[in-house]
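Below: one structure, written as structure tokens.
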Amino acid sequence: MGEPSAVLVEETTGGAGVAGLAARRAPRGLPAGLVRTARPRQWVKNGLVLAAPFAAGRLLSVGECVQLGLVLVLFTACASAVYLVNDARDAEADRAHPVKRLRPVACGQVPVGVAYAVGGTLAVAAPATAAVTCNPDTAGLLAGYVLMQLAYCVWLKHILVVDLVVVTTGFLMRAMAGGLALDIGLSRWFLITSGFGALFVVAAKRYSELVLMSRQEGEVGASRALLGEYSSGYLRFVWQLAAGVGVLAYCLWAMETGGEASGLLPWRQLSMVPFILWVLRYAVFADNGSAGAPEDVLLRDRALVVIGLAWGALYVLAAVNR
């Protein structure tokens, strides 16, 4: 049988019905609740760990592939740790929210103490494992990511503009992790393009959330603490600025590193075309306020997928023929 609806439980058992029902089922549903709290849908973001080796056009050995896969798992563990601690900390507030009250920790499927314990264990174990299996730089990056994100959950998310910078930095740290683990040099163009590309996506997400919430009068403050402090014009300016700088940096990088045309065509310079098309296509979703869930936009829009694959193919050809 399926899950009883929240509305039915509320009507028959009162405001604590969902929490009470989930609490009684917690021993049986604890593992599933922990996985849900770790946000599996968000794990696609950790694919950015592959960015630096791919940008370097480096052919990896079997050992390096294994190392890169390990870093991907460890970064996923760090991100999951932050989600677990965040939900444990916000459990009381989430119980008063019409949607968030159904989260595993808020509804009692995962006890608060267990969420703290599992999150804390992952937060310590992932950097420690990286120190043993990778190198100190990777371990330091993972530890820094966890500390920064925990500070965000407690304090930084309440500071205007800083919240955007912290989330953007989290994406940039993902993009840097693979390069640090394999001792690949991170060029200034890679860092600039990755950083402003991340800011573009983050600001577009906030802009879309604000547009959505503004259509539901009185609920602007319900989604994020600072969302109502931003204006739509400011967030539009930020994502447009970030998109422009990101495209410019990529084009300068492609022109500078392309050198003499090798093979049949200047593949790296040609990769600018799908890159710019991808940004323009994503900007359509940002502009109409439907980029609130980047993972959904990236995975469900076929045009973005096709353009991304075309860019990847051209980039691979550039690496092979250089």
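The values are calculated or read from the model by the stated rules, or taken from the named source; none is laboratory data. None of these values were measured; they are calculated from a predicted model. Every residue, glycine as well, gets a Cβ built from its backbone with ideal geometry; the counts of neighbours run over all protein chains shown.
Overview of values
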item	result
Entirely in segment 43-144, the helices (runs of 4 or more DSSP H) that have 3 or more residues that are touching a Gly at 6+ places or on another chain (Cβ under 8 Å) and more than 30 Å from CYS251 (Cβ to Cβ)	62-89
Meets criteria (surrounded by 16 or more Cβ atoms within 10 Å (Cβ to Cβ), of a type in the set (Asp, Glu) and at pLDDT below 95) for GLU209	yes
Residues being outside any helix (DSSP H, G or I) and under 20 Å from the mean Cα position of the chain (by Cα) - total across segment 201-215	0
From the options ASN86, ASN135, residue that is modelled with pLDDT of 90 or more and under 17 Å from LEU72 (Cα atoms)	ASN135
Within segment 180-197, tally of residues that are under 16 Å from GLY47 (Cα atoms) and surrounded by 24 or more Cβ atoms within 10 Å (Cβ to Cβ)	3
Options GLY308, GLY292: the member that is part of a loop (DSSP other than H, G, I, E, B) and either under 22 Å from LEU241 (Cα atoms) or hydrophobic (A, V, I, L, M, F, W, C) (or both)	GLY292
